[in-house]
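K.L.:
My structure is below; once you've seen it, I'll send some questions.
The values are calculated or read from the model by the stated rules, or taken from the named source; none is laboratory data. Everything numeric here is computed off the predicted structure, so don't read it as measured data. Here the Cβ positions follow ideal geometry from the backbone for every residue, glycine too, while neighbour counts run over all protein chains shown.
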Amino acid sequence: MAISKSLDVNGRTVSIDIDDPDMPLLYALRDNLALHGPRFGCGLGQCGACTVHVDGVAMRSCIVPLSAVAPGQKIVTLEGLGTPEKPHPVQAAFIAEQAAQCGYCINGMVMESAAFLARTKGPSEADIKAALANNLCRCGTHAAILRAVKRAAAA
């Protein structure tokens, strides 16, 4: 039996019908709301490709059940972080530094970086590396990603 779940996603309230209240938030975002910024990577919360913000905190949406999202909690995906016309400073820095190669990890890198920089002013390179340590990138754009986060921190 389907139940209705109300979510605040990217600044708007949406209602979705779901069969399983423990369905991962990632599935609701991608399958029900057609938001494809968060990606399915490992499905275990270890790679970071699915990262979104819930009330400003970076979370792995593949392991957050919908039942854990309380009414009124604000979910922000990559699509809601900025716009093509006015990108978030982290998005703008990633573009300026050409910090994407295959692009699969970029959602997680951008979302984790944005949450990190919102709470950390003037981070060192070691701080940035520690903040992104659990976001996996297989194609080797780590140097460009670090430059992008440093650029965003300076902006």
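Quick grid of which residues meet (1) touching a strand residue (DSSP E or B) at 6+ places or on another chain (Cβ under 6 Å); (2) among the hydrophobic types (A, V, I, L, M, F, W, C); (3) farther than 24 Å from Cys139 by Cβ:
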| site | (1), (2), (3) |
| --- | --- |
| Ser6 | yes, no, yes |
| Val9 | yes, yes, yes |
| Asp31 | no, no, yes |
| Val54 | yes, yes, yes |
| Cys62 | yes, yes, no |
| Pro65 | no, no, yes |
| Thr77 | yes, no, no |
| Leu81 | no, yes, no |
| His88 | no, no, no |
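K.L.:
Only one of these conditions is not met by Lys129: (1) under 21 Å from His142 (Cβ atoms); (2) basic (Lys, Arg); (3) part of a loop (DSSP other than H, G, I, E, B). Which number is it?
P.N.:
Just one mismatch for Lys129, condition (3).
K.L.:
Yes or no: Cys62 under 29 Å from Ile3 (Cβ atoms), of a type outside the set (Val, Ile, Thr) and either modelled with pLDDT under 95 or touching a helix residue (DSSP H, G or I) at 6+ places or on another chain (Cβ under 7 Å) (or both)?
P.N.:
Answer is yes for this residue.
K.L.:
Do you know which residues across region 73-105 are of a type in the set (Gly, Ala, Ser), surrounded by fewer than 19 Cβ atoms within 10 Å (Cβ to Cβ) and under 18 Å from Leu146 (Cβ atoms)?
P.N.:
Ala92, Ala96, Gly103
K.L.:
Then there is this: So the check is Cβ under 8 Å with 6+ separation or different chains; which pairs have a first residue in region 126-155 that's within 13 Å of Gln98 (Cβ to Cβ) and a second one that's acidic (Asp, Glu) and assigned to a loop (DSSP other than H, G, I, E, B)?
P.N.:
Close Cβ pairs (under 8 Å, with a partner that is acidic (Asp, Glu) and assigned to a loop (DSSP other than H, G, I, E, B)) amount to Ala144/Glu97; Ile145/Glu97; Arg147/Glu97; Ala148/Glu97; Arg151/Glu97.
K.L.:
Does region 76-86 include one or more residues that are touching a residue at least 60 places away in the same chain (Cβ under 8 Å) and more than 18 Å from Gly37 (Cα to Cα)?
P.N.:
no
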